[in-house]
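To start, the structure itself, in structure tokens.
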């Protein structure tokens, strides 16, 4: 039993969040945090990507932003807010969090 590895936090065996957790985070978040969470779920943005956003990078329903690590410019479609409960469920499913 000594050599038995414990599952890492965030692995399939011990997930960080499930879809209910994500939904609760969105419901309890203030406006700024909710926007950051939605961008993280929709675009895969982290704190640095959110920090790099300016109004010039947003064009209607799209965000065009060079990724901070690679510098590669990418465009992301912004989904309506009502779609985020579905996204929470989809992300949780993809990450085996349910």
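Pull up the range 70-80, narrow it to residues that are loosely packed, with under 12 Cβ neighbours inside 10 Å and modelled with pLDDT of 85 or more, then point me to the one that is nearest to the chain's Cα centre (by Cα).
Within the range 70-80, the match that is nearest to the chain's Cα centre (by Cα) is 77.
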Mind counting the residues in the range 16-50 that are at pLDDT below 85, assigned to a loop (DSSP other than H, G, I, E, B) and in contact with a helix residue (DSSP H, G or I) (Cβ under 8 Å, 6 or more places away or on another chain)? 4
Determine which member of the set 62, 67 is at pLDDT below 85, surrounded by fewer than 16 Cβ atoms within 10 Å (Cβ to Cβ) and in contact with a strand residue (DSSP E or B) (Cβ under 7 Å, 6 or more places away or on another chain). 67
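The values are calculated or read from the model by the stated rules, or taken from the named source; none is laboratory data. Everything numeric here is computed off the predicted structure, so don't read it as measured data. Neighbour counts run over all protein chains shown; Cβ positions are idealised from the backbone, glycine included.
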